[in-house]
Amino acid sequence: MYKYLDIVNVSILVTGLYIVSTNLIGNRGKKSAMQFIMMLTVIYLKVVLILDIDNYGIYEYISVISDLILLISLVDIELIECKNRKIISTLNYLAVISILFIDIHIGNKLYITIIESYILISSLYLLSTYILKNKFHIKYILHFLYFGEISMNLILSSSELLANINSVFGVILSIYMLLRVFNLYVKDSYKKSTDIVSKINRSNINIKIHNEKLNMKKSLNNDMSELINKKESLLKLMLKDFNKCIFMIDEENYISNEDKSFYFLWNEYEDYKYNINLDFFCKNSIKDSEEFKAAINLVKTDCRELEFEIIDNKNRILSSKLAPIKLSNDKNGVICIMTDITSKKNIEMKIKDNATKYKKIVDNIPYSVLVTSRDEILYNNDKNQYIDFNKDDIKNIILGKYPIEELYYTYNNGMDVCLNIEKIKYIDGEEPRNLFVIRDITNYKNVLKLLEYSKRKYESLVNIIPEGIYVMNFENRVLKYANNAFFSMLGTNELSNIDIDNISKNIAVASGNINDNVKYKRDVLINNLGQEINIECGGMLLDINKKIKMIGIVRDITEQIKAEMIEREIEEKENLSRSKTEFFINMSHELKTPLNLIHSSNQLIDVVYSEELKRNNKIDILETIGVVKKHVNILMSLIDNIIELAKLQADFHEVQKDYYNIVDISENIVDELSRFMNEGVNIIFDTDDEEKIANIDPDDIEKVILILLSIVVKYSMDKSNVYFNLGSRKDYISMSIKNIGGYEYKKYSNYSERKVLDMGITLAKLIVELYEGNLIINAGPDNSIEILVEIKADYEIKKYKNHTINRQEGFIYSEYKKMCSF
């Protein structure tokens, strides 16, 4: 058996070896190299044991060696964070090597004892390191068992049973070794990598924050750089007048008489120590050198002045003016005046570009733009193709002395338009000019007409409103508008006749927030006709065109006050009626007390003396007892109906609603009543669906069905049929109880009978109304009657509660007999 356990042991160790090898291949350190070698050695020894060894002595020797190596490897893993780990590991490795290479005899028990003693010491040391950590762990028990197993090997003699035990503990040790290797090289490595990723993410966030700060500083530096460049440009523009120099060119073409202005313009010659030759100057400084030299020679020969523009090698535009001069030796020279006009040219170019841009802008304006002098039109952007502004009629209007803001004009196609004309005066040089902007505002005028129409429409709408509405300036409390209902309420048609302070003195004003509801206060007002009216007024503040307006609402509640007074009177009458109802209830209870006494006495006589009365032939006394019993039952039923009716009318009736199937309730009542009846009346029950669910109190529905069914059955002729049908109509359950042609209508319509029946019908109708239903009774002289009941249904409900019948056998029939006794 121990060989099979060794196979399991090898498979577990191979898994651990795979984890250690992946760590070793990943170059994660030297810690796993020796563990890999030792685990590989253990696997090799275990394989040798499985394949070749049948001798138990050899098996014991190799098994002990493999356990020693595995334990030392475990010690190395467990003490991976220990300061003295290197010393302990070195001693363990030396011990293993010495044990492997000592020349011993296989059967030497002493040698095995020495190895097992060393294993015992190592296990004891490892257990002591765990205990010193002061933390309990399941591995304490594991090492304690292993410690016991080694002690057994030292004490007991070798046997196959002991070898099996050793193999079991070897498997347990290998499993624990696998768990430790997994935690060390997989779980702990994953945790470390997770921590590193978390730190990298935090570093990225910090870098992002620093980059944002750096970008903000860069933006600030760019703004400062732009400001400096603008100031530098402005400074150069201010110094443009100084970019001028004057120098003389002698007969031999040398530049002489140069001053500071020359070096300011040509600063490359500032450190030049020799006379500047014209050819050298033109070659190094003038782009159009040949043209410049030809102009100088022309001035010398023709003795006349020249003025032209040249471009130097710095791409500056220079205005050059040459003039001849006589030198002292009767030789001709040339005076040259150069001015840097680059900025001026650039400005002129920009002005020209801006003029082009402005012209394009004006050309793209959708309105007509005209520029005029005193008597003619100088410019027209020709945006209005229907008007010729040079025609005398429109031209005289535009050039006229009087300002015109709006002009109604008819186009050439016959369309009437309205033109808005805006005029601006300005001076161009010394000439006065006028700028006209002419817009077609026909659509705008049409919109204004629509707004005016809309205003009248909304005023009509406000005038239709039955409530009085007014608008008032909140600051000076001046009334600006009131609708017809407000005028009619106050008995006047003029705003000046309204004392608005008298109306709004106690008004509750809300802000213009749409979430604030207008609060109303009641007041009494005497109008201009001397009538006293009850009003309810409120208001709201609104900001209209930056002015605070108050919108007031006034309601005439005179009729409402009268209705409230009537309601109070009705409530008082209802309270009086309720008091009467409570009186009847109390009286009913008072009546039940003596009635119960009579009933109890009658029952006692019937039980105790009935046999004796029969023997003595006291038939009249027995009949009297029966009559008393009958009338007691009648009175009890009447009192119960009076109490129930009073509760329903006073809203004292308590219901216990739930979802029930009305078909089951109805069918149970009909079946029980049919079972006990022997009067020749046949009750036929029918339904279009086996489930009709409603949210009801089943006791209430039973009472209604019993009352209505008793009314029909009581006056039905012998051998007649009473039909009890259940159907559906929209959201209602319909119940029909009828007898066609077999009903004694005369008895039903008898006054003395109807007094009692009406009480039951009223009771049933009030109960049906509790469930949003209706009750209709149709009876006629053709000896037919039909009672229709409708109760609100819940067709979406599929689950319902089964009605539990707690009544005694024959209860339905006894209740029916009570009603028939009436």
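Laid out as a table, the results:
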| read-out | value |
| --- | --- |
| Percent accessible area from carbon and sulfur atoms, region 654-820, protein chains only, probe 1.4 Å | 45 |
| Nearest-20 debye value, region 562-631 charge dipole, Cβ charges on Lys, Arg, Asp, Glu | 340 |
| Total lysine pairs under 19 Å (Cα atoms) in region 272-338, excluding pairs fewer than 8 apart on one chain | 12 |
| Computed lengthening from E307 to R615, 0.36 nm per intervening residue step minus Cα-Cα distance | 93.8 nm |
| Lys/Arg +1, Asp/Glu -1 at C-beta; region 654-820 dipole; positive extreme among G773, L673, P698 | L673 |
| Table column - 3J(HN,Hα) (Hz), region 553-570, Karplus curve with 6.51, -1.76, 1.60, x for Gly and Pro | 10, 10, 10, 8, 10, 4, 5, 5, 4, 4, 4, 5, 5, 5, 4, 5, 5, 4 |
| Among N390, N443, I427 the positive-end extreme of the charge dipole of region 365-446 (Cβ point charges) | N443 |
| About the Cα centre, charge dipole magnitude for region 654-820 (Lys/Arg +1, Asp/Glu -1 at Cβ), debye | 540 |
| Per-residue ³J(HN,Hα) for region 791-802, Karplus 6.51 cos²θ - 1.76 cosθ + 1.60, θ = phi - 60°, Hz, x for Gly and Pro | 10, 4, 9, 10, 6, 7, 7, 9, 9, 9, 9, 6 |
| Positive-end residue, region 599-680 charge dipole about Cα centroid, Cβ charges, pick of L604, Y659, N641 | L604 |
| Accessible area of region 306-413 divided out per residue, in Å², using a probe of 1.4 angstrom | 67 |
| Reduced Cα scattering model of region 635-778, Debye log10 I(q)/I(0), q = 0.11, 0.12, 0.19 Å⁻¹ | -0.43, -0.52, -1.30 |
| In Hz, Karplus ³J(HN,Hα) per residue of region 464-474 (6.51, -1.76, 1.60; θ = phi - 60°; x = Gly, Pro) | 6, 4, x, 8, x, 10, 9, 10, 9, 5, 6 |
| Net charge contributed by nearby residues that have their C-beta within less than 14 Å of H589 (K/R +1, D/E -1) | -2 |
| Cα-centred dipole magnitude for region 242-346, charges only on beta-carbon of K, R (+1) and D, E (-1), debye, nearest 20 | 280 |
| Under 12 Å from the Cα of K746 - aspartates and glutamates, other chains or at least 8 residues apart | D782 |
| Region 468-554 - percent of accessible surface contributed by carbon and sulfur, probe 1.4 Å | 48 |
| Whole-number accessible area per residue in Å² for region 654-820, which is evaluated in the context of all protein chains at 1.4 Å | 52 |
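The values are calculated or read from the model by the stated rules, or taken from the named source; none is laboratory data. Bear in mind the structure is a predicted one, so any value in this text is a computation, not a measurement. Don't worry about glycine lacking a Cβ; one is built from the backbone with ideal geometry, like all the others, and counts go over all protein chains shown. The area values use the complete protein model at the heavy-atom level, side chains included, leaving out ligands, DNA and RNA. Shrake-Rupley method; radii C 1.70, N 1.55, O 1.52, S 1.80 Å.
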